[in-house]
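Contents: one structure, followed by commentary.
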Amino acid sequence: GAYTGVWTATDATGTAIGPYVYAAVLALGGFVSTTAGQTVTQSASAQTALLIGFTAVPAALMLAAAAFQTRYTLDRKSH
């Protein structure tokens, strides 16, 4: 029960914080947002930020989560 509760809380936190992390990556890359009907050519750094935000950032966060999960066992001797 506790493991499932922690999993659910972590999932909800990630869902809430994820857009802010992605927005920060885009901002660091110089991404320019537009409104409907407008066209903007994004810089190379903005395109790289898009790529990193969709690939490297989620992969790094999943690796961190996996590292924490490997430390948890159901074996009573290790507690």
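The values are calculated or read from the model by the stated rules, or taken from the named source; none is laboratory data. These numbers come from a predicted model, not from an experiment. With ligands, DNA and RNA removed, areas are computed over all heavy atoms of the protein, side chains included. Shrake-Rupley method; radii C 1.70, N 1.55, O 1.52, S 1.80 Å.
Just the number, please: carbon plus sulfur as a percent of the accessible area of segment 1-74, 1.4 Å probe, no ligands or DNA/RNA counted.
Of all accessible area on segment 1-74, carbon and sulfur atoms account for 71 percent.
In the chain, helical runs assigned H by DSSP with n ≥ 4 each contribute -39500 (n - 2.57); averaged across all residues and rounded to the nearest 500, the mean residue ellipticity at 222 nm is -23000 deg cm²/dmol.
Helix screen, the chain: DSSP H segments with Cα axial length of 20 Å or more and mean Kyte-Doolittle hydropathy at least 1.0 are 56-70. To one decimal place, what Kirkwood hydrodynamic radius in Å is obtained for segment 18-79 from all pairs of distinct Cα atoms? In segment 18-79 this quantity evaluates to 14.1 Å. Computed with a 1.4 Å probe over protein heavy atoms only, the accessible surface of the chain comes to 81 Å² per residue.
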